[in-house]
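I have placed the structure first, in the form of structure tokens, so that the comments after it can refer back to it.
The values are calculated or read from the model by the stated rules, or taken from the named source; none is laboratory data. As the structure is a prediction and not an experimental result, all values here were calculated from the model. Cβ sites come from the backbone with ideal geometry, for glycine too, and all protein chains shown count toward neighbours.
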Amino acid sequence: MVEHRFGGAWTQLKLEVLREYLHFYAKALKNQNFRLIYIDAFAGSWSSTYHIDGKDIQLDGSASIALDSTPPFDEYIFIENHAQRFSDLKSLCNSHEEKKIKLYSEDANGQVLKLCAETDWKNTRAVIFLDPYGMEVDWKTIQAIAETRAIDLWYLFPLSGLYRQAALDLDAVDEHKAARLTACLGTDEWKQYFYCENKQQDLFKSTPGQHRHVNVDTMEKFVRDERLKAIFGAVAQPLRLPLQGAPLYSLFFAVANKSGRAIGLSMKVAKHILDHQRGTAVG
């Protein structure tokens, strides 16, 4: 089993959010005429070790949580491109032979695009969990999820990655970083949104450049209000992780279905779960 040293108490929070929502979702839809799928695009290992409060603590991963959730989903789809983590995942799935599981050792973006395109969404509903290490998720993947009108999305968005890549001075954002920002956000409008002309000259009278004038709160708002809300039926206020200290991630929830009834129930439960975790004392 691969040990993950990155993480903390906030890791427990995101996993608890997922656990609670999967239980609600499968229970709420179990008597409806839909095939229910859980999709984990960065599934990782079945279990990981984290350093929390001075101790090494082993936590079940998202795949384990999904497979143990009751009532069960009709199908589980796990995607993991790392060889050792995929091997660990395969061992986990072998211990759940009674469940229908599909494993893919592929690029997450490509595989999710394929699943979105090839699935009959008239008769299928799904929850997808995107938990990348950094800014690996392309906006075209998010767009494809939204276009299914049938998937509930949990997306651990790399807020600190966005903040680091979008340097204080636009001139410091090289071509590679700019391309990744545009791929992740699906537009190059971040340049106009994050930056403005600095009219102050330095001591050497150099030509003023474009300087970032927004903080992390405004950048998170851009992702939610300008990007996600433009394509999903509804988007919840994200859970900032960790709860205390420098922000690393924003856990977003979005509903692809644009039906008022579907939105109402899913958003009510997701907001309840997120608000409960926001009230947790330790992040």
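The set of residues in the stretch 120-142 being surrounded by 16 or more Cβ atoms within 10 Å (Cβ to Cβ) and more than 13 Å from the chain's Cα centre (by Cα) consists of Trp121, Thr124, Arg125, Ala126. Mind checking which residues of the stretch 19-74 are in a strand (DSSP E or B), at pLDDT 95 or above and among the aliphatic types (A, V, I, L, M)? Result: Leu36, Ile37, Ile39. Considering each residue of the stretch 165-176 in turn, none proves to be part of a helix (DSSP H, G or I), free of Cβ contacts under 8 Å to residues at least 12 places away in the same chain and closer than 30 Å to Leu67 by Cβ. Counting only residues that are outside any helix (DSSP H, G or I) and surrounded by 14 or more Cβ atoms within 10 Å (Cβ to Cβ), the stretch 75-98 holds 9 of them. If only residues of the stretch 238-282 that are part of a loop (DSSP other than H, G, I, E, B) and touching a strand residue (DSSP E or B) at 6+ places or on another chain (Cβ under 9 Å) are counted, the one that is farthest from Leu156 (Cα to Cα) is Lys258.
One residue stands out in the stretch 225-264 among those that are among the hydrophobic types (A, V, I, L, M, F, W, C), over 25 Å from Gly134 (Cβ atoms) and modelled with pLDDT of 95 or more: the one that is surrounded by the most Cβ atoms within 10 Å (Cβ to Cβ), namely Val255.
Residue-wise test of (1) under 19 Å from Asp225 (Cα atoms); (2) touching a residue at least 12 places away in the same chain (Cβ under 8 Å); (3) touching an Asp or Glu at 6+ places or on another chain (Cβ under 9 Å); (4) not small (Gly, Ala, Ser).
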residue: Gln244; (1), (2), (3), (4): no, yes, no, yes
residue: Ser250; (1), (2), (3), (4): yes, yes, yes, no
residue: Ala254; (1), (2), (3), (4): yes, yes, yes, no
residue: Asn257; (1), (2), (3), (4): yes, yes, yes, yes
residue: Ile263; (1), (2), (3), (4): yes, yes, no, yes
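Has the stretch 111-131 got at least one residue that is modelled with pLDDT under 95, of a type in the set (S, T, N, Q) and either farther than 23 Å from Arg35 by Cβ or part of a strand (DSSP E or B) (or both)? No, the stretch 111-131 has no match at all.
What is the residue count in the stretch 148-164 for residues that are among the polar types (S, T, N, Q) and in a helix (DSSP H, G or I)? Number satisfying all stated conditions: 1. Of all residues in the stretch 99-110, exactly one satisfies the criterion of being assigned to a helix (DSSP H, G or I) and either surrounded by fewer than 19 Cβ atoms within 10 Å (Cβ to Cβ) or without any contact (Cβ under 8 Å) to a residue 12 or more places away in the chain (or both), namely Gly110. Six or more apart or on different chains, Cβ atoms under 8 Å: show the pairs whose first residue is in the stretch 211-229 and part of a helix (DSSP H, G or I) and whose second is exposed (fewer than 14 other Cβ atoms within 10 Å of the Cβ). Within 8 Å, the pairs are Glu226/Glu189.
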